[in-house]
């Protein structure tokens, strides 16, 4: 196999961290294309098939001038390409709230949201028509949002300002945030949407976007029944759709369609 082809096959087959480890050992001189199998096994933590692939790669570069330095550069370049492709690819998963028949492969909504929020590093955006944060299942979501905020992530709520569950007038969603968000925690940004000329029109999108890369579009509001009780279906999309959704929400904010609210 040609040296470059062997490097490409190795990067495709091996986990990213293992390729990075090999690059480091090549650069530090612990291994090189002439290294024996025993020497490679001594320095690089590999299973049997992975060790075979590593030795095939090194043999392919054995006759190349400055093979160790050239191989490390080629591997690094291939990793950048692999990362770019992975970032642009879309991973999809269906998410369900409520009764599931035996053998259903669909995961439930609360643990998927928890997984997303636990990984948040820079920004969480949530859109919900109805917000009830006192229910235990929703409280777990709130706790994770507070934890993300404490880690330094920005948290942005977009809510329906005209939501009026009991006929007493709009303002319920604001009251839930004021009552439930811990007073000692950094506060989220809050935006609203409502058509005052058409009270039937609603901000009906239920969306969570994490770090511009992880997106949940669901029929479930941030309510107890949305997290358990109702039958709700959603799709989790990792990749470009999350970027598009994040950017779309920011355009709605900057254009004034979503209005910043001082609910505190």
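The values are calculated or read from the model by the stated rules, or taken from the named source; none is laboratory data. From a predicted model like this one, the values you see are computed outputs, not experimental measurements. Here the Cβ is made from the backbone with ideal geometry for all residues, glycine too, and neighbour counts use every protein chain on show.
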- Could you grab me the full set of residues in the stretch 248-264 that are within 21 Å of the chain's Cα centre (by Cα) and touching a residue at least 12 places away in the same chain (Cβ under 8 Å)? 249
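When you scan the stretch 79-91, do you find a residue that is assigned to a loop (DSSP other than H, G, I, E, B) and farther than 24 Å from residue 25 by Cα, even just one? Lay out the reasoning, then the answer.
First pass over the stretch 79-91, keeping only residues assigned to a loop (DSSP other than H, G, I, E, B): 89-90.
Next, from what is left, pick out any that are farther than 24 Å from residue 25 by Cα: 89-90.
Within the stretch 79-91, one or more residues are assigned to a loop (DSSP other than H, G, I, E, B) and farther than 24 Å from residue 25 by Cα.
Give me the residue from the stretch 1-20 that is surrounded by 13 or more Cβ atoms within 10 Å (Cβ to Cβ) and more than 25 Å from the chain's Cα centre (by Cα) and, out of that set, farthest from residue 69 (Cα to Cα). If you could, list the steps in order and put the result at the bottom.
Of all residues in the stretch 1-20, those surrounded by 13 or more Cβ atoms within 10 Å (Cβ to Cβ) come to 3-4, 6-11, 13-14, 18-20.
Narrowing the set further to residues that are more than 25 Å from the chain's Cα centre (by Cα) leaves 3-4, 6-10.
Numbers: 3: 13, 4: 13, 6: 16, 7: 13, 8: 16, 9: 19, 10: 17 Å.
Checking each candidate, the answer is 9.
Going through 133, 75 one at a time, which residue ends up being outside the structural domain of residue 214 (by TED's automatic domain parsing) and surrounded by 13 or more Cβ atoms within 10 Å (Cβ to Cβ)? Lay out the reasoning, then the answer.
Numbers: 133 fails: outside the structural domain of residue 214 (by TED's automatic domain parsing).
When all the criteria are applied, what remains is 75.
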- Query: Failed condition for residue 172, given (1) closer than 14 Å to residue 127 by Cα; (2) surrounded by 19 or more Cβ atoms within 10 Å (Cβ to Cβ), with all others met?
  - Reply: (1)
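So for the stretch 232-242 (the condition being within 20 Å of residue 263 (Cβ to Cβ) and crowded, with 20+ Cβ neighbours inside 10 Å), does at least one residue qualify? Quick ask: steps written out before the conclusion?
Kept after step one, since they are within 20 Å of residue 263 (Cβ to Cβ), are these residues of the stretch 232-242: none.
Checked the stretch 232-242: no residue is within 20 Å of residue 263 (Cβ to Cβ) and crowded, with 20+ Cβ neighbours inside 10 Å.
From 38, 92, grab the single residue that is on the phi < 0 side of the Ramachandran plot, surrounded by fewer than 13 Cβ atoms within 10 Å (Cβ to Cβ) and within 21 Å of the chain's Cα centre (by Cα). Walk me through how you get there before you give the answer.
Working: 38 fails: within 21 Å of the chain's Cα centre (by Cα).
Of 38, 92, the one residue that is on the phi < 0 side of the Ramachandran plot, surrounded by fewer than 13 Cβ atoms within 10 Å (Cβ to Cβ) and within 21 Å of the chain's Cα centre (by Cα) is 92.
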- Say whether the condition of being surrounded by 13 or more Cβ atoms within 10 Å (Cβ to Cβ), farther than 16 Å from residue 242 by Cα and in contact with a strand residue (DSSP E or B) (Cβ under 8 Å, 6 or more places away or on another chain) is met by at least one residue in the stretch 113-129. yes
